[in-house]
Structure formats: structure tokens, C-alpha cells
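Visitor: Supplied in C-alpha cells, the structure appears directly below.
The values are calculated or read from the model by the stated rules, or taken from the named source; none is laboratory data. On a predicted model such as this, the values are computed, not experimentally measured, just so you know. We place every Cβ from the backbone using ideal geometry, glycine too, and count neighbours over all the protein chains shown.
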Amino acid sequence: MDYRQLKKDIIAYSKSIGIDKIGFASSDPFIEMKNLLIRQQELGYQSGFEEKDIDKRTDPSLIFDGPRSIIAIALAYPSRMKDAPIGKKGERRGIFCRASWGIDYHILVREKLEQLASYIDSRIPDARYKLMVDTGELVDRAVAERAGIGWSGKNCSIITPEFGSYVYLGEMITNLPFEPDEPLHDQCGECRLCIDVCPTGALVQPGQLNAQKCIAFQTQTKGLLADEFRDKLGNRIYGCDTCQTICPKNKGMDYHVHPEMEPSPEIAKPLLQPLLSISNRDFKEQFGGISGSWRGKKPIQRNAIVALAHFKEKSAVKELIEVMKEDIRPVMRGTAAWALGKVGGSEAKEALLEAEKEEQDEEVLQEIKKGLDFFTIKDEV
């Protein structure tokens with residue numbers, strides 16, 4: 001088999017099925033990434049969502065028998081929403097990050113990889129491969145960097161010359177000996193805008209992220225949001241794009257090449273107040289098709305409450321009181337109590353004082369106290 005010609009044919013085929021960028025890498029262990037992950041683990045910077053076994057994350061031979069090469073792909077997604085609804089007083093809106101616009105990218109990228117695999121099967125019947133999209137063991141960023149898809153930016157995103165960092169990544173480990181492509185040189189230069197504007201200082205230095213402090217990670221947690229992050233959340237209900245939108249390499253990057261990725265404005269920027277009482281069924285029907293729904297409705301609802309507090313939305317007071325009094329989940333009751341203090345007003349204060357007498361959960365009582373403390377501060381001012 002002429003693998004050089006096969007590689008050219010695979011590249012041509014990938015373009016015909018809508019893969020925006022493709023690269024080939026060796027299947028050698030990712031030693032540098034392993035050292036970085038060990039350091040991240042030592043510092044407590046991991047999110048906890050990753051594969052726990054660092055060796056599996058960095059050595060293809062531990063998850064695939066006889067790897068010879070890895071094929072990496074990238075699909076470009078839009079950075080701007082057409083006909084985006086504008087929130088206003090009484091109709092405040094939240095925002096899902098761009099990587100959660102349109103169909104769940106895991107589905108779309110996997111479909112492209114499966115099409116690629118079928119083509120390879122038609123050419124090499126005894127070919128073997130393993131497909132991965134985000135949830136696989138290997139670090140997508142490390143594979144994409146080695147395969148020449150883009151360079152690893154200071155914001156820990158893969159940045160491509162053609163599409164900026166607005167790309168979804170996937171890869172395929174194979175038993176075929178493809179010639180590797182050349183990695184790209186780092187093009188961030190002296191720029192450190194992403195580090196300087198990170199809302200929580202999660203980018204501790206170029207290429208190093210403390211995931212525990214990252215707003216994107218915090219929006220996906222299910223417990224009470226730590227105090228230090230509440231005022232940083234803004235109206236984000238899933239994810240954070242700050243380190244991407246500030247990046248000069250993303251200026252003017254907005255590609256609408258995949259119809260499946262086009263955001264539905266009412267899903268990507270939903271009204272906040274209806275989220276407080278949405279049923280499981282309605283949540284699944286409305287948001288189940290996007291990647292931002294993977295943790296269920298609880299984090300989204302909690303974040304919606306924090307966003308209403310951010311706006312100090314008076315029209316939401318009655319609904320927040322109902323959540324504080326009636327919701328069976330302590331996280332929701334507590335977050336609503338804190339939010340009522342932020343929003344303020346006599347109705348909110350009276351409800352908090354009443355709830356303080358009736359609430360049994362200690363964590364919720366602490367949040368009620370925080371809510372009432374806002375009134376003490378206002379009185380002092």
C-alpha cells in the first residue's frame with residue numbers, strides 16, 4: 001500500500017465531507033503533556049471531569065493495540081449569533097458559550113470521524129482504529145498540536161491560523177503508518193490578553209489553567225457556587241468565552257459552514273425566569289440536543305438564579321421566593337435566598353426573615369444569612 005497516496009486521498013475525502021482541517025501525528029507517548037498533567041494533579045488544578053489515569057491520557061499504546069499513527073480533525077463553529085435576542089428589564093437572558101451552540105458537537109464530530117473510518121475501511125479492509133471526541137482518554141489538544149492542526153495558545157485552546165480557536169477537535173488512533181505532519185510554531189508572541197482578562201485568574205500562566213477557578217468549570221458544578229465566583233458569573237449559564245473573545249487571533253473569525261452548528265437564539269440565549277421552574281421533560285426537550293445540557297438542569301437553574309441576582313431583577317423576586325420556600329433541593333433554596341438579598345427590596349427581606357424561622361437545612365440557613373447581610377450593609381450605607 002502506498003500510504004503517502006492514501007494520506008492524500010484521505011485529506012481530499014475529508015474535505016468532501018465537511019471536515020475543515022485534518023492532520024496526521026505519530027502515536028508516540030506525549031511525554032511533555034504527561035509532565036504537565038502530573039504537575040496539574042500535584043497543584044490540584046484538574047477539573048475532575050478528566051480521565052483519571054494520566055498514563056492512558058498520554059500513551060496511545062495503553063488504549064489501543066499496536067498504534068502507528070493518529071489522525072486529528074477540526075470542525076469550525078460560529079462565533080456570532082444571527083438575530084440574537086436582546087435581554088431587557090423584566091426579560092433578562094442567560095448565555096450558553098459558543099461551544100454549546102447548535103447540535104451537541106460530540107455527535108457531529110463523531111459522525112465525521114465515522115465517515116472517515118468507513119472510507120479508510122473501503123481502502124484498507126484490515127485497518128483498525130479508535131475514535132475519540134473530548135470524552136476519550138487522550139488529550140485532544142496535545143494530539144491536535146502534534147498533528148499541525150494549530151498551536152496551543154496561552155489560553156490552553158488550540159488556535160488555528162484559518163479559524164482561530166473556534167474549532168471542535170476529534171481524533172482517530174490507527175494501526176496505519178501515516179507520515180506525520182509538522183507542528184505549527186507558537187504564534188501568540190508576547191500577547192497575554194487572555195491571561196490578563198480572565199475573570200477569576202484561572203489562567204495562572206501561559207498554557208496553565210487552574211480548572212477549579214475557571215468560570216466554564218464552575219458553571220458545570222452542581223453544589224452551591226462558591227462566594228468568590230458568584231459576582232464573576234454575570235449572565236453565563238454554561239461555559240465562558242472570555243479568553244477566546246479577547247484573543248487577537250480570533251478577530252473576524254466567524255464561520256457558518258455547518259448548518260447543524262447554527263444556534264437557536266432562544267436556546268443559546270434563553271430567558272432566565274422560565275428556567276427556574278422548568279420541568280425535567282421540558283428541559284430535555286428544549287436543551288437536550290446541545291452539549292451544555294450534559295450535567296442536567298440543576299447547574300443551569302442555579303446559574304440562572306445567580307444571573308438574575310447579577311441583573312438585580314426585581315420582577316423575579318416572587319419566583320425566587322417560591323424557589324427558596326418550595327424547591328426540594330437545598331442548593332436551589334440557598335442560591336435563591338442569596339439572590340433575594342442581592343436583588344433587595346422589602347418583599348425580599350420579609351421573605352428571608354420568614355424563611356430563616358422555617359428552614360432546617362444548615363447550608364441554606366447560611367445562605368439566608370448572607371442574603372440578610374446585604375440589607376445590613378445597605379442600611380449601614
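Visitor: Looking only at residues that are within 21 Å of GLY102 (Cβ to Cβ) and small (Gly, Ala, Ser) in region 151-182, which one is nearest to the chain's Cα centre (by Cα)?
Guide: SER157
Visitor: Mind listing whichever residues of region 281-328 are acidic (Asp, Glu) and touching a Lys or Arg at 6+ places or on another chain (Cβ under 8 Å)? I'd like the intermediate steps shown before the answer.
Guide: The initial filter retains those residues of region 281-328 that are acidic (Asp, Glu), namely 282, 285, 313, 319, 322, 326-327.
Scanning region 281-328 gives GLU313, ASP327.
Visitor: Taking region 135-179, which residues are of a type in the set (Phe, Trp, Tyr) and in contact with a helix residue (DSSP H, G or I) (Cβ under 6 Å, 6 or more places away or on another chain)?
Guide: Initial filter on region 135-179 (of a type in the set (Phe, Trp, Tyr)): 151, 163, 166, 168, 178.
Those that are of a type in the set (Phe, Trp, Tyr) and in contact with a helix residue (DSSP H, G or I) (Cβ under 6 Å, 6 or more places away or on another chain): TYR168, PHE178.
Visitor: Shifting gears a bit: Run GLY234 past the list (1) out of contact with any His (no Cβ under 9 Å at 6 or more places or on another chain); (2) over 15 Å from TYR105 (Cα atoms) and report the number of the one that doesn't hold.
Guide: (1)
Visitor: So how many residues does region 87-107 have that are surrounded by fewer than 20 Cβ atoms within 10 Å (Cβ to Cβ) and touching a helix residue (DSSP H, G or I) at 6+ places or on another chain (Cβ under 9 Å)? Please lay out each step first, then the result.
Guide: Taking region 87-107 first, the residues surrounded by fewer than 20 Cβ atoms within 10 Å (Cβ to Cβ) are 87-91, 103-104, 106-107.
Of the ones still in play, those that are also touching a helix residue (DSSP H, G or I) at 6+ places or on another chain (Cβ under 9 Å) are 87, 89-91, 103-104, 106-107.
Of the residues in that region, 8 qualify.
Visitor: Does ALA12 qualify as being in a strand (DSSP E or B), over 30 Å from ARG302 (Cα atoms) and not aromatic (Phe, Trp, Tyr)? Talk me through it step by step, then tell me what you get.
Guide: Values: in a strand (DSSP E or B): no; over 30 Å from ARG302 (Cα atoms): yes; not aromatic (Phe, Trp, Tyr): yes.
When the stated conditions are applied, ALA12 does not pass them.
Visitor: Might you check whether a residue that is surrounded by fewer than 16 Cβ atoms within 10 Å (Cβ to Cβ) and under 25 Å from MET324 (Cα atoms) occurs anywhere in region 197-218?
Guide: Checked region 197-218: no residue is surrounded by fewer than 16 Cβ atoms within 10 Å (Cβ to Cβ) and under 25 Å from MET324 (Cα atoms).
Every residue, every condition in (1) modelled with pLDDT of 95 or more; (2) surrounded by 14 or more Cβ atoms within 10 Å (Cβ to Cβ), yes or no:
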{"position": "LYS8", "(1), (2)": "yes, no"}
{"position": "SER16", "(1), (2)": "yes, no"}
{"position": "PHE24", "(1), (2)": "yes, yes"}
{"position": "ILE31", "(1), (2)": "yes, no"}
{"position": "SER47", "(1), (2)": "no, yes"}
{"position": "LYS56", "(1), (2)": "yes, yes"}
{"position": "PHE64", "(1), (2)": "yes, yes"}
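Visitor: Given (1) modelled with pLDDT under 95; (2) surrounded by 19 or more Cβ atoms within 10 Å (Cβ to Cβ); (3) not polar (S, T, N, Q), identify the lone condition not met by GLY170.
Guide: (1)
Visitor: So which residues in region 229-283 are crowded, with 20+ Cβ neighbours inside 10 Å, of a type in the set (A, V, I, L, M, F, W, C) and within 16 Å of TYR166 (Cβ to Cβ)?
Guide: Residues satisfying the conditions are CYS240, CYS243, CYS247, MET253, MET261, ALA268.
Visitor: To continue, here is another question. Kindly indicate the residue of region 278-314 that is out of contact with any helix residue (DSSP H, G or I) (no Cβ under 6 Å at 6 or more places or on another chain) and basic (Lys, Arg) and also farthest from ALA226 (Cα to Cα) among those meeting that condition.
Guide: Per the stated criteria, the residue is ARG281.
Visitor: Looking at (1) in contact with a Ser or Thr (Cβ under 6 Å, 6 or more places away or on another chain); (2) under 24 Å from GLN220 (Cα atoms), which is the one condition that is false for GLU51?
Guide: Of (1) in contact with a Ser or Thr (Cβ under 6 Å, 6 or more places away or on another chain); (2) under 24 Å from GLN220 (Cα atoms), only one is false for GLU51: (1).
Visitor: While we're on this one: In region 29-47, which residues are assigned to a loop (DSSP other than H, G, I, E, B) and touching a Ser or Thr at 6+ places or on another chain (Cβ under 9 Å)? So that I can check it myself, show each step before the final result.
Guide: Filtering region 29-47 for residues assigned to a loop (DSSP other than H, G, I, E, B) gives 29-30, 44-47.
Result: PRO29, PHE30.
Visitor: How many residues are free of Cβ contacts under 8 Å to residues at least 12 places away in the same chain and closer than 17 Å to SER14 by Cβ if we restrict to region 117-148? Steps first, answer last, please.
Guide: From region 117-148, those free of Cβ contacts under 8 Å to residues at least 12 places away in the same chain are 118, 121-122, 125-126; that's our starting set.
Okay, now just the ones that are also closer than 17 Å to SER14 by Cβ, so 118, 121-122.
Total satisfying the criteria: 3.
Visitor: Ok, one more. Checking ALA142 against (1) in contact with a Phe, Trp or Tyr (Cβ under 6 Å, 6 or more places away or on another chain); (2) more than 22 Å from CYS194 (Cβ to Cβ); (3) among the hydrophobic types (A, V, I, L, M, F, W, C), which single condition isn't satisfied?
Guide: (2)
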